[in-house]
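Reading through the structure tokens given below for one structure.
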Amino acid sequence: MLYPISNTFREILNVDPFWKFAIDPEKSGEGQLWQNDFESGIEIAVPGSWNEQLEESGLLHYVGLAWYSKKIFIPEHFAGKRIWVRLGSADFSSKVWVNGAVVGEGPFGFLPVECEITEFVRCGADNLFVISVSNELNDASIPQGITSEHYTAENRLREETNPPARFDFSPFGGINRPVVIYTTPLNFIEKVAVTTRVELPGTGRVRIAAHSGLRKAGISAEITDKSGIVVAASGLKDIGTPTELEIVNCRFWSNNLPYLYNLRIRLYENGKTCDEYSMDIGVREVTVEGDRLLLNGEEIFLRGFGKHEDFPVAGRGFFPPLTVKDFALMQWTNSNSFRTSHYPYSEEVLSYADRKGMLVISEAPAVSLDLRHATQQLLDNHKLFIEKMVERDRNHPSVIIWSVGNEPNIVGDEGYYNGSGRNYWKDVFSFTRGLDPSRPITVPNCSRAGVDDPVFEFSDILSINRYYGWYEYPGNVRLAIEKLSSEMEELHSKYQKPILVTEFGADSLAGSHSTSMQMFTEEYQSALIEAYIKCIESIPYTVGEMVWNFADFRTPQHFRRVVLNLKGVFTRNREPKLSAYKLKEMWGKGRKQP
Ligand code: BDP
């Protein structure tokens, strides 16, 4: 699942952004052989969600199957190489055909779908690419789905959203990240896992495990600094054994100085280089010691946001100008971190974070799991998702923490505490730790699940999402802070672990003002955020605060939401509200305020 690159051994083909598009609510397309092409006058841009692009075709709230088709010319000189098509993501599942033949399926959204198409394409000719994408979810999918029938059966009538969703963000459908066609050599580097360690005062250790389809192959690794000077190199090694390199006088990666080295790996077959892969790496180490979160042995306090991939028209579609703008705004508020709530973000965003020195909590989309509907299939899907997410994102120095879910048992089911919740999370946490023991792991808890939530037992950091002053104790900042601090005290004395407040905030309608504490005004949002930050930063065992949310975002329809969730400190168009200025001022004052 390596990010496609071009070099002497690999090539990338640009794909024009407009695709022919048709919805298939009856799911009859395959029976009617749409994989061999279909008739439609509608076009859609890729990447991009269909919802807002095609609102005028009735797709704003569409949940179901849709088809994409396009003829793509594959150059003559691709012959003799392995050829791949890669969708950065297609939400939430997809199937790909080339010239009428199935070449692969994507069981998940938010992660790449990679299909080898070597045997199915004609080089030097046009080839028909057809992709079907569905944004439907079910009990066993990650994220878990919900239906109107569930709401009715559980007598949760006023909770139902349209479209029905277990989560508070729009289930945007479509090919939301870039489609890339690329080549690799016949034998190629398939996977690379880089783990770094810091030995103070100044030695960096880099462990590189690479994988190729070849059972017997040689591999070499070389690390260069920014000026191209080789700082560490291995000789030719067997691919089966991980390579350990040492960088003396190492420049460690941190949020203040995001220094990146370049790692170049070569694969050899019969003594000749047959493939090469290079990527930027940062040498850094994240640990939890007692009540502190450490980056390279130094205490770090997270000040940042929960975000969403969400913007007008594009929906969840990757939109590079938005990445530039969002990072500029995050830096403007003096924040140092964000959580990829509630799913892994695009690879391009993580690489950008590596370069800008933003600390990232990367999250799996196991949001609001309702274990009353859990099956073995759900657990298997959850673990497979985490495996793919870790494989994709583990080499990003910016990713410092894995979040393997969000707010389980938001429905407050008693059965969750009778073993089912514990068994489930025990398995998920130990599986993730087995994949990557180098990062802390957590799951944000909601107040409904409370302090006995089994996620706390397994989390390295206790993450809590709290809405006192909003959903509970509405309009009352004083009570909110009393409840927040007493609950943190209870949690800390029970688990003896550091606390990260992963969500807190209030809706505000930009332009709405009041001289008194009035919910939905900019003043109330700002005052609540200010009070939370003062409280959190005054407590010794806290390791960070993340405001919910960075920007207003679209949600499924519900009477609680006026089109958008308005908890952004920026509007959906990225204009600052009063609270953005408040954060800039508070976070501009250096480290955690005692
Ligand atoms: C939390 C969820 C988040 C919601 C937020 C809210 O984690 O997805 O958007 O509440 O209600 O429970 O604004």
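The table below lists the values:
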{"item": "Derived scalar couplings ³J(HN,Hα) [the range 463-476; Karplus, 6.51 cos²θ - 1.76 cosθ + 1.60; whole Hz; x for Gly, Pro]", "result": "9, 10, 10, 10, 10, 5, x, 10, 6, 10, 6, x, x, 10"}
{"item": "Percentage relative contact order, the range 52-146, counting C-alpha pairs under 8 Å, at least six apart", "result": "35 percent"}
{"item": "DSSP beta bridge pairing in the range 286-587, given as percent antiparallel to the nearest 5", "result": "25 percent"}
{"item": "Out-of-range pairs (alpha-carbon distance over 21 Å; input 226/272; 70/325; 237/272; 483/589; 71/95)", "result": "226/272; 70/325; 483/589"}
{"item": "Average accessible area per residue (Å²) across the range 286-587 - probe 1.4 Å, nucleic acids and ligands excluded", "result": "33 Å²"}
{"item": "Nonlocal amide H pairs with residue 127, under 5 Å, H built at 1.01 Å", "result": "72, 73, 74"}
{"item": "Accessible area per residue in Å² at 1.4 Å probe, computed on the range 189-281", "result": "51 Å²"}
{"item": "Antiparallel content of DSSP bridges confined to the chain, in %, to 5", "result": "75 percent"}
{"item": "Cut-off of 10 Å, at most 11 other beta carbons, DSSP loop: longest stretch of the chain lacking such GluC sites (Glu not before Pro)", "result": "40-594"}
{"item": "Contact order normalised by residue count of the chain, Cα under 8 Å, 6+ apart, percent", "result": "12 percent"}
{"item": "Value of relative contact order over the range 447-526, rounded to a whole percent, pairs C-alpha under 8 Å and six or more apart", "result": "28 percent"}
{"item": "Lysines with Cα under 28 Å of residue 426, excluding same-chain neighbours fewer than 8 positions away", "result": "191, 307, 383, 388, 494, 497"}
{"item": "Phi-based couplings in Hz for the range 148-153 (Karplus 6.51, -1.76, 1.60; Gly and Pro marked x)", "result": "4, 4, 4, 4, 5, 4"}
{"item": "Under 15 Å, Cβ to Cβ, from residue 76 - net charge with Lys/Arg +1 and Asp/Glu -1", "result": "0"}
{"item": "Accessible area, probe 1.4 Å, largest first, for residues 224, 333", "result": "224, 333"}
{"item": "Under 5 Å, built H, 5+ apart or other chain: amide partners of residue 370", "result": "none"}
{"item": "Surface share of carbon and sulfur [accessible, 1.4 angstrom probe, percent] for the chain", "result": "51 percent"}
{"item": "Accessible-area value, residue 460, 1.4 Å probe, nucleic acids and ligands omitted, Å²", "result": "40 Å²"}
{"item": "Accessible area of residue 516 in the full protein assembly, 1.4 Å probe (Å², nearest 10)", "result": "70 Å²"}
{"item": "Under 5 Å, built H, 5+ apart or other chain: amide partners of residue 341", "result": "307"}
{"item": "The range 186-200 - phi-based ³J(HN,Hα) in whole Hz, Karplus 6.51/-1.76/1.60, Gly and Pro as x", "result": "4, 9, 8, 7, 8, 9, 9, 10, 10, 10, 10, 9, 10, 10, 6"}
{"item": "With DNA, RNA and ligands ignored, accessible area of residue 332 (1.4 Å probe; Å², nearest 10)", "result": "80 Å²"}
{"item": "Heavy-atom accessible area per residue - the range 1-65, 1.4 Å, Å²", "result": "53 Å²"}
{"item": "Exposure ranking of 589, 577 by accessible area [1.4 Å probe, largest first]", "result": "589, 577"}
{"item": "Local net charge near residue 219, Cβ-Cβ under 14 Å (Lys/Arg +1, Asp/Glu -1)", "result": "+1"}
{"item": "Dipole magnitude of the range 189-281 about its Cα centre (Cβ charges: Lys, Arg +1; Asp, Glu -1), debye to nearest 20", "result": "100 debye"}
{"item": "Under 11 Å, Cβ to Cβ, from residue 406 - net charge with Lys/Arg +1 and Asp/Glu -1", "result": "-2"}
{"item": "Accessible-area order (highest first, 1.4 angstrom probe) of the listed residues 311, 167, 319", "result": "319, 311, 167"}
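The values are calculated or read from the model by the stated rules, or taken from the named source; none is laboratory data. As the structure is a prediction and not an experimental result, all values here were calculated from the model. Note: ideal-geometry Cβ built from the backbone for every residue, glycine included; neighbour counts use all protein chains shown. Note: areas computed on protein heavy atoms with side chains; ligands, DNA, RNA excluded. Shrake-Rupley method; radii C 1.70, N 1.55, O 1.52, S 1.80 Å.
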